[in-house]
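Have a look at the structure below before the remarks.
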Amino acid sequence: MPLAFDRSGLSMLREVTATQVRGCGLVSHGLDRFIVGVNEVATNAVLHGAGRGWLRLWCAEGCLFAEISDDGVGLPAGFVIGPAAVSAPGGRGMWLASQCCDLTIRAGVPTGTTVELRVACPDGPPPGR
């Protein structure tokens, strides 16, 4: 079941993500990078996606996945993930997330965006999971 979030829930979202993904075998640096990726995409969902979003987390086929959806206006035509100019006040979230995880972006019709983040779990889940 997706976890709903808004601006006030972003810190809780990071905590929930960390707690849930520890059981999938992702630790240390990989865990931190995954949480950064989730946080950046979730923040974009809040800022550009009607102020709220939904998160789903799962492990499958040796990978950890997060899917973040919103029901905002969608991405602008010609959207390309890339770093913003140094002088720009923002515009680095999706680029930063793409540096931390593999991303798949699906634009909704006519609105909304879903971003799936994926990272390999080299050690798999701990014994007993």
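What is the distance, in nm, between label points placed 7 Å from the Cα along the Cα-to-Cβ direction at residue 81 and at residue 111?
The two pseudo-label positions are separated by 2.5 nm.
Mind jotting down the distance between the C-alpha centroids of segment 9-63 and segment 79-99, whole Å?
Between the Cα centres of segment 79-99 and segment 9-63 lies a distance of 18 Å.
Give the Cα extents of segment 69-126 along the principal axes, in whole Å, largest first.
41, 32, 16
Picking from 34, 74, 110, whose Cα lies most toward the positive end of the charge dipole for the chain (charges on Cβ: Lys, Arg +1; Asp, Glu -1)?
Going by the charge dipole, the pick is 34.
Would you mind telling me which residue in 91, 49, 37 has the biggest mean-square fluctuation in a Gaussian network model of the chain, where springs connect alpha carbons within a distance under 10 angstrom?
With Cα springs under 10 Å in the chain, the top fluctuation among 91, 49, 37 is at 91.
With springs only between Cα atoms under 10 Å, which of 21, 115, 86 fluctuates most in a Gaussian network model of the chain?
Highest fluctuation among the options: 86.
Provide the per-residue ³J(HN,Hα) series for segment 92-103, in order, calculated from phi with Karplus coefficients 6.51, -1.76, 1.60 and θ = phi - 60°, each as a whole number of Hz, with x at glycine and proline positions.
Those phi angles translate into 10, x, 5, 5, 4, 4, 5, 7, 9, 8, 7, 10 Hz.
Go through segment 27-75 and name the GluC sites (Glu not before Pro) that are in a DSSP coil and have 12 or fewer other Cβ atoms within 10 Å of their Cβ.
Listed in order of number, the matching sites are 61.
Which option, [x] 30; [y] 34; [z] 26, is the value of percent of Cα pairs over 24 Å apart that was calculated from these coordinates?
Of the listed options [x] 30; [y] 34; [z] 26, [z] comes from this structure.
Every number in this text was worked out from the coordinates using simple rules, so none of it is lab data. All values reported here derive from a predicted model rather than from experimental measurement. Every residue, glycine among them, receives a Cβ derived from its backbone with ideal geometry; neighbour counts consider all protein chains shown.
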